[in-house]
Amino acid sequence: TLEIQTDYRDGEAQTDPYSPQYIVRSGSVPEILALATLTWGRGLPAGQAEMEIIDRIREKRAWEAALPPMDSPSNTAKRLKMMEAMERKEWAYREEEIDKLQKVRMEVFKTLQKRREENQKKLDAVRLKNQWQNYQKAKQEKMRKIQHDCALMLRKLIAKRKNCMGKLERRDIIKEYNDFSSQAYAPLSRFGFFPDGNSDYYVVKNFYLNTFAGLCELEESLQHSVSQIKNKISKPTCTISESGYIRKSARLEAVLAQVHQAILEKKNKLKEPKKPPPVCEKVESSVPKPPTLILEKPSIEEEEIDLAVICLQKLLRGRALQNMMFEGKEKRVDLIQELRTTHALQEEGQLLLEAEKQKTLSLQRQQDSQMHQLSALERDLATVEGRTLGNILDFLSKELVRLQEEQKIHALVMLAERQRRMREAEEAGRRQLEEDRREEEDELFKQAREGDCWDCSSLTIDTYLEDIILSSMERTAEEQAREEIQKRAIEINDIAYEMESRRTRLQSEEIVAELVYNFLIPEAEKSFMRERVRLSQRKHIYAAHRIIHKGTE
């Protein structure tokens, strides 16, 4: 009854909606039963594709209701013609759906191919980078080896250059022991010295420390007081608990006590009286003052001259200051004029400035409104142009598809016509051969009939009669088979018409629903999912648009 907050979305906990049981009255076919095959997540909630399917089902029902009854040959022919037209329409719609599905699959295939190419490019780039790094490492290793070999050869050349004449020098022992990098201090192993072989050479070996007898003798030589341990355990300043630990409160008390003791010691030091100075202390005498200067009194003429000079100096200084002020004023005339117009204008001047300001603002607002109207007009014109161009391109694309299909159909018709003509030619050839053979047989029969040999003629007559009997039997059997087939076809048609008349609207809708579910629902589901993703992304795009254009608006 109050509020609730979860860490999951509603879509993650959504279950199939409850669908109660229902009973259909006899003789009634509710329209809602056409959606019985739709379930949650597979057609529900209904989107644009489902609404188109529902409209098509309604059109199909209206078409079925408009079909003429099969009570006369004209109505039957009309019904067959309408059914053929509807079938062609359904197949055209199905072909359109298949084309759309193929286009979507082609787009998906292109996207996957592009992604695969991008991944392959990334893998190739990684491989090239690894190969380049390996080559760089090999290059650096080779350069390091070359530099090492170069330094080694330089050292060898420097050593050979020192003794280029090949003279033998005596060993200078003093110089070797003075240089700590010489062979005396650090001999090289290539000269036969291995320092790890005699590492025990510098180990201290003592009889009293390495043997038990030496330890016993050393212990006897020491005094008895050395072996006795005398350690005084200081009492803890804090109280210790039974478990052997010092509590935090006890440590704080000890610290506070130390601080209090330090403060008391500082106060006691401040309260101590100052010691009187000793009697024998030396008192320094003050420094004598210098003698006062005595000026001679000038004469009256000198005083007048000094006063005249002072007055002349004042006049010169004042004139210099006036010249400096005038020069500064001439340099800052514009600034002074601006300050006067800003701060020392009269009321009428301020009103004129305010009027000019208002006029400028009104012109600016008028210009902004005109720009806004122009932009709106351009936007509307662009919308109309885009819609017109889209319609024209759509019409042209459909015309192109229609022309292509017409060309295909024309090509198929031409092929069929060519095949028909070839078959007619073959049939005419066979018919001509049959007529020629028949004429030959008739001529042979006439000659055999007119001949003298009765046996031959009788045999020919028997053969002829057998052929006639066999052909008549075959013709009779074929006629009987055709009659039987026609009877069976009439019975099957009557049964089919009776089943169609007994078939309810629900059964027809079930057949249509199965066709829709098997052919149209998968594409509708894909379209619905794409629309759903677009709608889910639309709010983020709208929020970003508002954030970007918030300041400009």
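Per-residue accessible area (protein heavy atoms, 1.4 Å probe) orders Arg532, Arg171 as Arg171, Arg532, starting from the largest. For the stretch 318-427, trypsin sites (Lys or Arg not before Pro) are listed when DSSP marks them as loop and at most 16 other Cβ atoms sit within 10 Å of their Cβ; the list is Arg332. Evaluate E = 1/(1 + (r/R0)^6) for Lys142 and Val108, where r is the Cβ-Cβ distance and R0 equals 35 Å; express this FRET efficiency to the nearest 0.05. That gives a FRET efficiency of 0.10. Solvent-accessible area assigned to carbon and sulfur over the stretch 31-158 amounts to 59 percent, based on a 1.4 Å probe. For Arg421 and Asp467, a Förster radius of 41 Å and the Cβ-Cβ distance give a FRET efficiency of 0.75, rounded to the nearest 0.05.
Here the gap between Leu315 and Tyr497, fully extended at 0.36 nm per residue and compared with their Cα-Cα distance, gives a gain of 51.8 nm.
Think of a 1.4 Å ball rolled over the protein heavy atoms: the stretch 31-158 then has 82 Å² of accessible area per residue.
Computed from point charges on the beta carbon alone (+1 for Lys and Arg, -1 for Asp and Glu), the dipole magnitude for the stretch 31-158 about its Cα centre is near 1840 Debye.
When +1 charges are put on Lys and Arg Cβ atoms and -1 charges on Asp and Glu Cβ atoms, the dipole computed for the stretch 347-443 relative to its Cα centre reaches about 640 debye. Loop-located GluC sites (Glu not before Pro) in the stretch 130-185 (DSSP state other than H, G, I, E, B) with a sparse environment of at most 10 neighbouring Cβ atoms within 10 Å: Glu169. Pairs of Lys residues in the stretch 105-197 that lie 8 or more places apart, or on two chains, and have C-alpha atoms under 13 angstrom apart add up to 4. Ranked by the mean number of other Cβ atoms within 10 Å per residue, highest first, peptides 523-531, 496-504 order as 523-531, 496-504. Taking only protein heavy atoms and a 1.4 Å probe, the accessible area of the stretch 347-443 is 57% carbon and sulfur. For the stretch 135-143, backbone phi angles converted through the Karplus equation (6.51, -1.76, 1.60; θ = phi - 60°) give residue-by-residue couplings of 5, 5, 4, 4, 5, 5, 5, 5, 5 Hz, Gly and Pro being listed as x. One decimal place: the segment Leu80-Tyr135 gains 11.8 nm when fully extended, by the rule 0.36 nm per residue minus the C-alpha distance. In this rough spin-label picture, where each label sits 7 Å from Cα along the Cβ direction, the Glu479-Ala262 distance is 14.1 nm. Considering only C-alpha atoms, what is the centroid distance from the stretch 103-145 to the stretch 403-439, in Å? Cα centroid to Cα centroid, the span is 61 Å. Each of Leu38, Leu316 has its accessible area taken with a 1.4 Å probe; listed largest first, they run Leu316, Leu38. Calculated FRET efficiency, Leu400 to Leu351, Cβ-Cβ distance, R0 = 56 Å: about 0.20 to the nearest 0.05.
If a spin label sat at a point 7 angstrom from the Cα of Tyr22 along the line to its beta carbon, no backbone N atom of the stretch 462-502 would be nearer than 15 Å.
Site pair Asp179 and Ile392 shows an inter-label distance of 9.8 nm when each label is modelled 7 Å from Cα along Cα→Cβ.
The values are calculated or read from the model by the stated rules, or taken from the named source; none is laboratory data. Here the structure is a predicted model, which means the values were calculated and not measured. Every residue, glycine as well, gets a Cβ built from its backbone with ideal geometry; the counts of neighbours run over all protein chains shown. All accessible areas refer to the heavy atoms of the entire protein, side chains included, with ligands and DNA or RNA removed. Shrake-Rupley method; radii C 1.70, N 1.55, O 1.52, S 1.80 Å.
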